[in-house]
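Heads up: the structure comes next, in structure tokens.
The values are calculated or read from the model by the stated rules, or taken from the named source; none is laboratory data. Quick caveat, the model's predicted, so the values are computed rather than measured. Cβ placement follows ideal geometry from the backbone for every residue including glycine, while neighbour counts extend to all protein chains displayed.
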Amino acid sequence: FQPKPLKGKRVLITAGPTFEAIDPVRGITNLSSGKMGFAIARAAVEAGAEVHLIAGPCELPTPLLSSGKITRTNVTSAKVMHAAAIQSSDCDIFFAVAAVADWGIAKPSKEKIKRQGGKIPALDFVANPDILLDIASTVKTKAGKPHPYCVGFAAESSALAEHAAEKRKRKGIPMIVGNIGPDTFGSDFNQLLVIDAAGSKTLNKADKLQLARQLVQLVAKKI
Ligand code: C5P
């Protein structure tokens, strides 16, 4: 165990859900409290890193703000989260913890959509950009490395290990972390399945900060 294994490293984290507006008072979102991503932000600062935390709508306070080692950007839509993340992607490690909405609304209405008698409005969706895929496949760091060490997350309703392994390959990332459900959303506890080229490892049920600290130690050994 090293107390500051990420000293001098820059870490980018996306956390929380995204919110895709339908009109000024309605939207669609994903289930995510932001707790896991914020715990990783805290653990990374504790480990000596400089952290940029890009957060979707969630009520959590910025961890270790007084350390001066963490910057937070609040965003709403996936598109805006994508732009903020790309801007900050020249870093050493990227933890993509956010539950990003896969689809946004094609043409959000500027005015509240009124009831139209019995007629139910139809929504047209457009695909959102994939933040993790874009950073893993296109970003080069100044140090000349191909891209930051990318850690993806997977929350699945079934066959977690298979889906997570498939995601790791499809996104071309070295590590993916599966949330072993079913009660992780909003909970202070979690259980993680960490998959990389060497195989998989379970981090047993613990509070999210303890798990975040273990995960940061694992990742620090990889870079
Ligand atoms: O296969 P899926 O897209 O659900 O993979 C989830 C992983 O990809 C998570 O790490 C999530 O943060 C990231 N992701 C992303 N941008 C998206 C969708 C997912 O960064 N538009």
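Computed quantities for the displayed model
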| read-out | value |
| --- | --- |
| Out of A155, A99, A106, A159, sole residue that is touching an Asp or Glu at 6+ places or on another chain (Cβ under 7 Å) and either over 22 Å from K221 (Cβ atoms) or not hydrophobic (A, V, I, L, M, F, W, C) (or both) | A106 |
| Count - residues of region 184-206 that are on the phi < 0 side of the Ramachandran plot and under 18 Å from the mean Cα position of the chain (by Cα) | 12 |
| Search result, residues across region 1-42 that are loosely packed, with under 15 Cβ neighbours inside 10 Å, hydrophobic (A, V, I, L, M, F, W, C) and closer than 17 Å to Q214 by Cα | F1 |
| P5 vs. criteria of a type outside the set (S, T, N, Q) and in contact with a helix residue (DSSP H, G or I) (Cβ under 9 Å, 6 or more places away or on another chain) | yes |
| Selection status of E20, under 17 Å from the mean Cα position of the chain (by Cα) and either among the polar types (S, T, N, Q) or away from the ligand (no atom under 13 Å from the Cβ) (or both) | no |
| Residue ID - farthest from D130 (Cα to Cα), chosen from residues in region 164-176 that are crowded, with 16+ Cβ neighbours inside 10 Å and near the ligand (Cβ under 8 Å from one of its atoms) | I176 |
| Residue count for region 125-145, restricted to those that are exposed (fewer than 12 other Cβ atoms within 10 Å of the Cβ) and either aliphatic (A, V, I, L, M) or touching a Lys or Arg at 6+ places or on another chain (Cβ under 7 Å) (or both) | 3 |
| Test: residue in region 82-96 that is out of contact with any Ser or Thr (no Cβ under 6 Å at 6 or more places or on another chain), on the phi > 0 side of the Ramachandran plot, more than 16 Å from the ligand (Cβ to nearest atom) and in a loop (DSSP other than H, G, I, E, B) | no |
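Per-residue answers, yes or no, for (1) in contact with a Pro (Cβ under 8 Å, 6 or more places away or on another chain); (2) outside any loop (DSSP other than H, G, I, E, B); (3) at pLDDT 95 or above:
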residue: K110; (1), (2), (3): yes, no, yes
residue: I113; (1), (2), (3): yes, no, no
residue: P121; (1), (2), (3): no, no, no
residue: S137; (1), (2), (3): no, yes, no
residue: P146; (1), (2), (3): no, no, no
